[in-house]
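The values are calculated or read from the model by the stated rules, or taken from the named source; none is laboratory data. Note that the coordinates shown come from a computational prediction; the quantities given were computed from them, not determined experimentally. Backbone-built Cβ (ideal geometry, glycine too); neighbour counts: all protein chains shown.
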Amino acid sequence: MFRGGWSITSSNSLTRRGLLGGLGLMALGGALGGCGFRPLYGSAGPGEVDVRAELSAIRVTVIQERFGQLLRRALYQRMGQDIGGPQEARYELRLSPSLQAEGIGIQRDGTATRIRYLGAANWLLARPGPPPETLASGVERATEAYNIPPNQFFAADSSREAAEARLAELLAELVVTRIAVDFRRRAAGDAALARGGPAALPATPTAPVLQPVRPELVPGMTPNLR
């Protein structure tokens, strides 16, 4: 855990426990291969999508402000690319990050001894057109914090910059993981279609057929003698 501590959330209810469990499965992917588990970024088998190759074909559009630049660099690092992006991109990733700060650990004089960052990243993955095709989208959220040492302005600035970098890395990890899962899910759906058409959807429950009530069988009801 980082010195400042951190927590992670996302629009798809990705909890910290779920993320740690997923990372554990990824780490044990090789050992669990015989049980049907495959690491998310592992080598692709016959007929499977190469997630790493797909991620290396994503170009991240320019993001304004310092935090946006940190996020863009972290995204490229997690997709196995340099900051220049791919030579021939098959996908385009657009992001709109936001960053809010709030003071915690308030002292009697009103000054804060700790700052908590609330970060969010709205993202959209598209296949360039014409016309462009939206493949996936979402919003990921994460929090990070840092301490403000008393009367140490340089140390406070360094802690703030480090916290912003950690937050950018957390958001980048969430975005790339979500995109990788979508690649794997999409490939599984295409494979199902190739094997024999769309998977059968569960039957929609139908309303039961109502039978006419026989008055003579219901206590207190008299038959209609018309």
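Here are some notes:
- Residue check, Gln87 at pLDDT below 95, surrounded by fewer than 13 Cβ atoms within 10 Å (Cβ to Cβ), more than 18 Å from the chain's Cα centre (by Cα) and part of a loop (DSSP other than H, G, I, E, B): yes
- Residues within the stretch 49-79 that are more than 24 Å from Glu133 (Cα to Cα) and in contact with a helix residue (DSSP H, G or I) (Cβ under 7 Å, 6 or more places away or on another chain), tallied: 3
- Of all residues in the stretch 50-80, those being farther than 19 Å from Val139 by Cα, touching a strand residue (DSSP E or B) at 6+ places or on another chain (Cβ under 8 Å) and in a loop (DSSP other than H, G, I, E, B) number 1.
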